[in-house]
Amino acid sequence: MPQLRMLGGGKEVGRSCIRLDINNHHFLMDCGVDPASTGVKALPDFSGTSVDNLDAIFVSHAHLDHTGGIPELVRRGFRGKVFMTLPTLALVKLLWQDELSIMEREWPKEERLWSSKEMHQILNKLAVPTTYHEVFKLDSLSVNFHNAGHILGSTMTEVSYKDFRVVYSGDLGSSSNHLRYWRTEDIMYPDVLICEGTYGGKNRKSREEISKEFVEAARSALESGGSVLIPTFSVGKAQELLKILKDSWNKIPNVDVYLEGMALETLRIYEQFLIYMDDKVRRAYLFNNINPFRWDSLKSFRSLAERRRLHERGDPCIILSPSGMLRGGWSVWHMIRMAQKKENLIALCGHMEEGTTGHLLTTGARHFVLKDMISQEPKEIDVRCNVTHFEISSHAMHNELCNFISRMKPERLVLVHGDEQSLMALADSVRQHAGEVLIPAVGETVDLGHRNISNGKEIHVEVPISQSTSIIIPKGCSLRIRHRGKEKFMRAEDIRSLLNLRQES
Ligand SMILES: [Zn+2]
Ligand SMILES: [Zn+2]
């Protein structure tokens, strides 16, 4: 009987890692770390998992909460293949390199999770770059990656074994970002859908509205003689913000926009894969050679001295700088120099993890002791500038998650990648679209055999097959049907709605 075991990401965000056991083979869907922890605490719970028995890992996307645990597996003896899309591989290389330098710089030696040896072993030997809809076989399993629209190269993973199909959403994108949007047509009616629920129960203003507010706040700060610091994640968020700024540049004073750190290298990878962007961006690029992220005002720093001169002159400018939650890196260095001037603006974008400087700012804290990454000295600062938080996220919000699940109509729905409250809120909204909804915690195992739908007082659904004959099927029971040339499992009541017949109860 196929099984899932939650090694991480059950009732939590971070260290996503799900083991799928089918026909005596074992696979991992993602293997991430918890970005809020260090050392082994950040890893998934590998107890009960024999690492050298793992056959392969399917990577949904590059973010460290989905990939940061993979090098540790190699250290523990894993020698299988690691499947991911080509842009994911390019981004993983950057993110791992960056994480390794942070571990070497800031973590005690005994707490470091891996070295460049394990990292390169994966990148050079074990990683298999693939692309969307390029079905690959592993023993009797077929695996197919579908676009998830979250960040460049992000996938939904579809695993088929005989008649049994599991779809894992990974992190699901929002219709408002610049990437191609996900679609469900090819993957509907799975036996099991493992779906993320980060923003379960939460909706936000429309992207147009948030972008407008973001641009207006930047304009107002610049016109009053201030500068704008945008702490940003390097992968995904920085590119989205650049696109918003470029698209609205006629509404903002023409100042220099600086992009720095890993966000710059990531931008180069995004530019190589413009074909993964939405239709508008692709057409503009193919027909008019328009790069969605670059324009004349975009600059990069060449040296520390140049950064220092910029702050000494105090000319209005916009700086997009990692890290996104002001955990460290250049964004903190700039904050130390910009926070005192009341005309300046710190524009926080997206989710801020509790305990980070970014989160503290959103709760109203204004006094900080921050470490200067160059001098390594602690600096005491009072924040006098404006601070605004914009909910710009590359995750699907509640309504989009509900829409996705209602179209997928899974036999079993497993909700992951969200705190318990968010997952419960999502479950309450989508129960009618799934045979069964489960919210497993880390360490739990879920059996994926046929659901026991008999409860003694079954309710039946009548599905006519001709004018004089019907099949009587227990409600909730799935049948394998062929619809528009494709075989799939459908519940009796869904077969009735497919035939445009009114539901009986
Ligand atoms: Zn992600
Ligand atoms: Zn994630």
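Can you tell me how region 1-148 classifies by the Cα gyration tensor, rounded, prolate or oblate, using a/c under 1.5 as the rounded cut? Note, shape of region 1-148 comes out prolate.
Once C-alpha pairs closer than 8 Å and six or more residues apart are averaged by separation and normalised to the residue number of the chain, the relative contact order reads 17 percent. All other residues whose Cβ lies under 10 angstrom from that of Tyr181 are scored, Lys and Arg at +1 and Asp and Glu at -1, for a net of -1.
Among His63, His460, sorting on how many other beta-carbon atoms sit within 10 Å of each Cβ, with the fewest leading, yields His460, His63.
Treating the Cα atoms of the chain as identical point scatterers in vacuum, please give the log10 of the normalised Debye intensity I(q)/I(0) at q = 0.05, 0.08, 0.11 Å⁻¹, two decimals. Each listed q maps to, in turn, -0.21, -0.53, -0.95. As a proxy for reagent exposure, ranking Lys109, Lys475 by other Cβ atoms within 10 Å from fewest up yields Lys109, Lys475. Among Leu113, Leu259, the ranking by other beta carbons within 10 Å of each residue's beta carbon, starting with the fewest, stands as Leu113, Leu259. Near the amide H of Thr131, within less than 5 Å, lie no amide hydrogens of residues on another chain or at least 5 residues away, with H placed in the peptide plane. Remark: for residue pairs Lys125/Lys486; Lys246/Lys341; Lys93/Lys251; Lys202/Lys371; Lys41/Lys212; Lys11/Lys371, the C-alpha separation exceeds 30 Å in Lys125/Lys486; Lys93/Lys251; Lys202/Lys371; Lys41/Lys212; Lys11/Lys371. For His460, the residues 5 or more places off, or on other chains, whose built amide H falls under 5 Å of its own are Lys475. When the P(r) of region 190-306 is calculated, the portion above 17 Å amounts to 65% of the C-alpha pairs. The helix-only estimate of mean residue ellipticity at 222 nm for the chain, built from DSSP H runs of length n ≥ 4 each weighted as -39500 (n - 2.57), is -8000 deg cm²/dmol after division by the residue total.
The value of relative contact order for region 207-390, using C-alpha pairs under 8 Å at least six residues apart, is 29 percent. Rounded to the nearest Hz, the phi-derived 3J(HN,Hα) couplings of region 195-206 under the Karplus curve 6.51 cos²θ - 1.76 cosθ + 1.60 (θ = phi - 60°) are 10, 6, x, 3, 9, x, x, 10, 10, 10, 4, 5, where x marks glycine and proline. Scalar couplings 3J(HN,Hα) for region 6-22, obtained by applying the Karplus form with A = 6.51, B = -1.76, C = 1.60 to θ = phi - 60°, are 7, 8, x, x, x, 6, 7, 9, x, 6, 4, 6, 10, 8, 10, 10, 9 Hz; x denotes Gly and Pro. Sorted largest first, the spans of the alpha carbon positions of region 207-390 along the three principal axes are 52, 34, 30 Å. Per residue, the convex hull spanned by the Cα atoms of region 208-257 measures out at 76 cubic angstrom. A simple rule links phi to the HN-Hα coupling: the Karplus curve 6.51 cos²θ - 1.76 cosθ + 1.60 with θ = phi - 60°, which for region 390-399 gives 10, 7, 9, 10, 9, 9, 5, 8, 3, 4 Hz, with x for Gly and Pro. Under 5 Å between amide hydrogens, built in the peptide plane, is the criterion, and for Asn344 it picks out Ser227, Asn386 among residues at least 5 positions away or on other chains. Rounded to the nearest Å, what's the spacing between the alpha carbon centres of region 311-329 and region 368-410? Just the number, please. Distance between centres, Cα-based: 15 Å.
Throughout, read-outs are computed from the coordinates displayed, never taken from laboratory work. Given the structure is predicted, the values throughout are model-derived calculations rather than measurements. Note that each Cβ is placed from the backbone with ideal geometry, even for glycine, and that neighbours are counted across all protein chains shown.
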